[in-house]
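Written out below as structure tokens is the structure these notes cover.
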Amino acid sequence: MNSPLLASLFKYKAWANEELFVCLKGMEETAQRAERHTAIRILNHVYVVDRIFEANLQERRHGHTATNTPETPTLQSLWESVQTTDRWYCEYVSTLSRDALEEQIEFAFVDGDLGLMSREEMLAHVLTHGSYHRGAVGRVLAQLSIAPPRDILTQYLHTAEPERRRLQR
């Protein structure tokens with residue numbers, strides 16, 4: 001693998017997803033129904049886009065006609081699906097060569113328009129897209145006076161590798 005940074009960023013994405021889903025599981029299902037539903041819809045959108053780009057990266061059709069599903073999954077079923085997809089991305093990026101990352105791939109967006117991106121650009125899109133929308137869910141939580149998880153790379157790195165906090169100068 002020629003991009004340990006990409007590998008680390010996808011592990012971070014999986015960690016950030018877990019932190020957020022744990023937080024959402026603590027929301028009241030009745031009193032905060034509308035906000036919980038909004039959060040699930042946002043995260044389901046991220047999941048669908050992740051799956052679309054998973055197909056694009058494998059140069060196969062994704063079968064989606066929209067970037068969200070008509071039905072809203074349960075939080076638990078969405079979490080299980082997100083974990084599977086996060087594992088796929090972590091494994092996938094660990095196998096890519098520099099040449100594979102630079103390869104340009106043609107694909108179709110859900111509206112039928114055609115696109116061309118390198119694998120590396122697609123992976124960067126998946127990372128930044130997910131981060132953007134986790135932030136939107138964090139805003140929903142903050143409006144309910146629920147502290148959202150600290151979805152930042154430094155927090156992940158120091159959680160995953162606590163020895164980074166004990167460096168001596």
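The values are calculated or read from the model by the stated rules, or taken from the named source; none is laboratory data. None of the values given here were measured: they were computed from a predicted structure. Note that we place each Cβ from the backbone using ideal geometry, even for glycine, and neighbour counts take in every protein chain shown.
The table for this structure:
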| quantity | calculated |
| --- | --- |
| Residue check, D99 touching a Phe, Trp or Tyr at 6+ places or on another chain (Cβ under 8 Å) and either farther than 15 Å from H125 by Cβ or modelled with pLDDT of 95 or more (or both) | no |
| Residue match in the range 129-146 (condition: part of a loop (DSSP other than H, G, I, E, B) and in contact with a Lys or Arg (Cβ under 6 Å, 6 or more places away or on another chain)) | no |
| Complete set of residues in the range 3-49 that are among the aromatic types (F, W, Y) and in contact with a Ser or Thr (Cβ under 8 Å, 6 or more places away or on another chain) | W15, Y47 |
| Boolean, L101 is in contact with an Asp or Glu (Cβ under 7 Å, 6 or more places away or on another chain), surrounded by 13 or more Cβ atoms within 10 Å (Cβ to Cβ) and in contact (Cβ under 8 Å) with a residue 60 or more places away in the chain | yes |
| Residue under evaluation D151, criteria (1) touching a Lys or Arg at 6+ places or on another chain (Cβ under 6 Å); (2) in a loop (DSSP other than H, G, I, E, B); (3) over 22 Å from C23 (Cα atoms), criterion not met | (3) |
| Given (1) outside any helix (DSSP H, G or I); (2) surrounded by 12 or more Cβ atoms within 10 Å (Cβ to Cβ), number of the condition A66 does not satisfy | (2) |
| Whichever residue in the range 30-41 is crowded, with 17+ Cβ neighbours inside 10 Å and assigned to a helix (DSSP H, G or I) and, among such residues, is farthest from the chain's Cα centre (by Cα) | E35 |
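For (1) under 19 Å from the mean Cα position of the chain (by Cα); (2) exposed (fewer than 13 other Cβ atoms within 10 Å of the Cβ); (3) among the acidic types (D, E), each residue gets a yes or a no:
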{"residue": "T74", "(1), (2), (3)": "yes, yes, no"}
{"residue": "S77", "(1), (2), (3)": "yes, yes, no"}
{"residue": "V82", "(1), (2), (3)": "yes, no, no"}
{"residue": "E91", "(1), (2), (3)": "yes, yes, yes"}
{"residue": "S97", "(1), (2), (3)": "no, yes, no"}
{"residue": "D111", "(1), (2), (3)": "no, yes, yes"}
